[in-house]
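Written below as structure tokens is the structure these notes are about.
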Amino acid sequence: MSTEQETELTAKPLYRRPAAMHEVTTHYCAGCGHGTMHRVLAEVLDELGIRERTIGVAPVGCAVLAYNYVDIDWTEAAHGRPPAVATGLKRMLPDRIVFTYQGDGDLASIGMAETIHAANRGENITIIFINNAVYGMTQGQMAPTTLVGQRTATTPRGRDAATEGHPIRMCELLNQLHAPAFLVRTTVSSPKHVRQAKRALKKAFQYQMEGVGFSLVEVLSPCPTYWRMTPVESCRHIDEAVSKVFPLGVIRDVKADDRETD
Amino acid sequence: MSAKEGKQVLYSGNEAAGEAAIRAGCRFYAGYPITPQNRLTAYMADQLPLRGGVFVQAESELAAINMLYGASAAGARCMTSSSSPGISLKQEGISYLAGSELPAVIINVQRCGPGLGNIAPSQGDYYQATRGGGHGDYRCIVLAPAGVQEFGDLTYDAFDLADRYRNPVMVLSDGMIGQMMEPVSFDHLPPASPPPRPWALTGEPGRDRNLIKSLRLDAADMEGFHRKLLAKYAEAQEKDVRFETSGPQDAEVLLVAYGTSARICGQVVEKPPPGLPFRVALFRPITLWPFPGRQLAEWAGRVRGMVAVEMNAGQMVDDVRLSVAGGCRVELLSWLGGRVPEAAGIAEGIASLFASPREARAQ
């Protein structure tokens, strides 16, 4: 390689930190999907040029410290209440971009009512729903999206559908409502899927900016720590097991003529 | 201008609170149906959208208070209202508002409890209003109106206090004050002047990003926040204690009451029923927190005793006892079940308390 070529490579980095991302190390476990989705979020904010006009609602859960990593206006919310908090924010600031970032326990268990009713009102907000099928911050209990048979701290012999029910498919549940504009399920299990997740999030924010209405981007996300797998095994588990229960793709897109997968 | 000089209109307490809130610059209201405060929610649904605000019927009390959290974070003056069982549900959100230093106004039109209880007027929520109510170390500023005009006036003031202290403020009314109608005026209320909110999440370009949170994982950080709250509360105790006294300065018995029961005690003081063997005055706390304890204690050396008159099993009487710290006899006249006292009943109660063998012993 000539010196000239080396200079060329240094001058044009292929990969750099998004401007919307603080230059800090995250607290997330190795192989956790939150770090990936934070970066996807920051890239979308940069590409749409909306970093300074966007307000995030952080959840109770592993991602409560998201405000340490993504450089926008943020508020915390009580457990399960981000869609209600986002409703108050968006109604007062209709020309700003308001999103919540929530896990499965927050969104589909303790906050089920807030999720369904914000969607049913057609609040012009975006929900980023990180579904890793387990409560991570509180040491790995059963979530509403835990797979049947999955071992957790509170299902030590595996989730038993007879007494603990089946995992809740939130996109399909919300698809019963009239108002939602965009419901999509993605994952971050491979570079290809990460790119699809990014396109989905970008579209959700664009819909919000156009006033199209409520959007929810579900992300099947690995939790190697509480799945008791390596990061690589976790991604394979998403492809081979989790996405069989939670099929990837667009569940609703009010602006699309046909239902595409990305 | 005083309230009596302005144009008079006939309003229920619930409607007066709604009108005063809008005049105070309330831009966001979220609520959930519950008796006996429904006219307030309906008033906001009707009026707020016509006057530049947003009304949302929330799916639950939890959602309503958290919508306020969002609206307040966005920098808007905001309010919710409910009645006792609904206030219990809002307590989670009120704790988060206090922990995030977000101003908000909460109206409680009290009914009788525990549980579903009944929909009659009560003062059973004194504890949950004045002791913080939710989890953790915090206080709400609590204002207690004793009439329809005052329900409106204190609701208006609640917005200023909430902003001044960046703290939730509760207006503690009851089913009587909320539902009865009286002539009121709003002309004396000055135009709303909310202070600037540089901390708000406005998504405003060109400044450092704002963050609203109550999570303080480091003990020293959390302790610092507690001390900041305590300093705020000390300031409120110094500057914003409100009370009213009526009756003779040389009274032998001092009635202590707020809200509906204070209104009826006022009748006893104004027109003492025949046969009442004592000169009686009334001390009416208007701020239940901060409680006007120092001002109340000044009466301890001058009276035979104090009587807390409450529509509950005895809650404010604790604060009366703490305030006088043994400086005089403190008794309780209690009306339960949603019953409202009558002047004659209060007079009889005073006579029997202070003519009892116990009183003879005390002398």
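Some points to look at:
- Note on chain A: Cα-only Rg and Dmax are 18.4, 67 Å.
- Within the stretch B:242-267: backbone nitrogen closer than 16 Å to the B:ALA355 label point (7 Å, Cα to C-beta): B:253
- Positive-end residue, the stretch B:243-362 charge dipole about Cα centroid, Cβ charges, pick of B:PHE291, B:SER352, B:VAL256: B:SER352
- Cα centroid separation, the stretch A:152-175 to the stretch A:14-83 (Å): 28
- Size of electric dipole in the stretch B:243-362: Cβ of Lys, Arg +1 and of Asp, Glu -1, about Cα centre, debye, nearest 20: 140
- Each residue of the stretch A:214-221 is assigned a 3J(HN,Hα), and the resulting list reads 4, 10, 9, 10, 8, 10, 6, 10 Hz, derived from the Karplus form 6.51 cos²θ - 1.76 cosθ + 1.60 (θ = phi - 60°), x at Gly and Pro.
- Percent of beta bridges antiparallel (DSSP, the stretch A:25-253, rounded to nearest 5): 20
- Annotation note: trypsin sites (Lys or Arg not before Pro) in the stretch B:1-42 located in DSSP loop regions with a Cβ neighbour count of at most 12 within 10 Å are B:LYS4, B:LYS7.
- Taking a ≥ b ≥ c as the square roots of the eigenvalues of the alpha carbon gyration tensor, chain B is prolate, as a/c is not under 1.5 and a/b beats b/c.
- Just checking the listed ones, B:GLY338, B:GLY13, B:GLY275: in the Gaussian network model of chain B with Cα springs under 10 Å, the one fluctuating most is B:GLY275.
- For the set A:LYS198/A:LYS244; B:LYS4/B:LYS239; A:LYS90/A:LYS202; A:LYS90/B:LYS239; A:LYS192/B:LYS213, the pairs lying more than 24 angstrom apart at their alpha carbons are B:LYS4/B:LYS239; A:LYS90/B:LYS239; A:LYS192/B:LYS213.
- Each of B:GLU204, B:GLU59, A:GLU114 was scored by other Cβ atoms within 10 Å of its Cβ. Listed from fewest to most, they are B:GLU204, B:GLU59, A:GLU114.
- Order of B:ASP157, B:ASP174, A:ASP106 - criterion: other Cβ atoms within 10 Å of each residue's Cβ, fewest first: B:ASP157, A:ASP106, B:ASP174
- Gaussian network model of chain A, Cα within-10 Å springs - most flexible of A:VAL98, A:VAL85, A:VAL134: A:VAL85
- A straight line joining the Cα centroids of the stretch B:112-152 and the stretch A:117-151 runs 35 Å.
- Neighbour-count ranking [beta-carbon atoms within 10 angstrom, fewest first] of A:THR154, A:THR225: A:THR154, A:THR225
- If you take the Cα centroid of the stretch A:179-258 and the Cα centroid of the stretch B:156-171, the two points sit 43 Å apart.
- For the protein assembly as shown, adding -39500 (n - 2.57) for each run of n ≥ 4 DSSP H residues and dividing by the number of residues yields -11000 deg cm²/dmol at 222 nm.
- Taking GluC sites (Glu not before Pro) across the stretch A:201-262, the ones in a DSSP loop with at most 15 further Cβ atoms lying within 10 angstrom of their Cβ are A:GLU260.
- Helix B:259-270 axis versus longest C-alpha principal axis of chain B: approximately 30°, rounded to the nearest ten.
- Global form of the stretch B:33-179, assessed from the alpha-carbon gyration tensor, a/c cut-off 1.5: rounded
- Sequence-separation-based contact order of chain A, relative, with Cα cut under 8 Å and 6+ spacing, percent: 18
- Across B:ALA262, B:ALA30, B:ALA344, mean-square fluctuation computed from a Gaussian network of chain B (C-alpha pairs under 10 Å connected) peaks at B:ALA344.
- Cα-projected label distance for A:ASP160 with B:THR35, points at 7 Å along beta-carbon direction, nm: 4.5
- Both radii were evaluated on the Cα set of the stretch A:62-196; the Rg over Rh quotient, with Rh as the Kirkwood radius, amounts to 0.98.
- Taking Cα atoms only, the orientation of helix B:38-47 departs from the longest principal axis of chain B by about 40 degrees.
- The calculated FRET efficiency for the pair B:GLU342 and B:SER246, based on their C-beta separation and a Förster distance of 25 Å, comes to about 0.85.
- With a cut-off of 11 Å between beta carbons, the residues surrounding A:ILE125 carry a summed charge of +3, where Lys and Arg count +1 and Asp and Glu -1.
- Note on the protein assembly as shown: Cα-only Rg and Dmax are 28.6, 112 Å.
- Averaging 1/r across all pairs of distinct Cα atoms in the stretch B:163-258 and inverting the result yields a Kirkwood radius of 19.1 Å.
- Length added when fully stretched, A:ALA153-A:LYS244, from 0.36 nm per residue minus Cα-Cα: 30.4 nm
- Dipole axis of chain B (+1 Lys, Arg; -1 Asp, Glu on Cβ), positive-most option in B:CYS140, B:MET311, B:ALA231: B:ALA231
- Nearest 10 degrees, 0 to 90: helix B:148-165 Cα axis against chain B principal axis: 50
- The stretch B:243-362 shape via C-alpha gyration tensor axes, a/c threshold 1.5: rounded
FYI, it's all coordinate maths here, none of it is from the lab. Note that the structure is a prediction, hence the values are computed from the model and not measured. Neighbour counts are summed over all protein chains in view; Cβ atoms, including those assigned to glycine, are modelled from backbone coordinates with ideal geometry.
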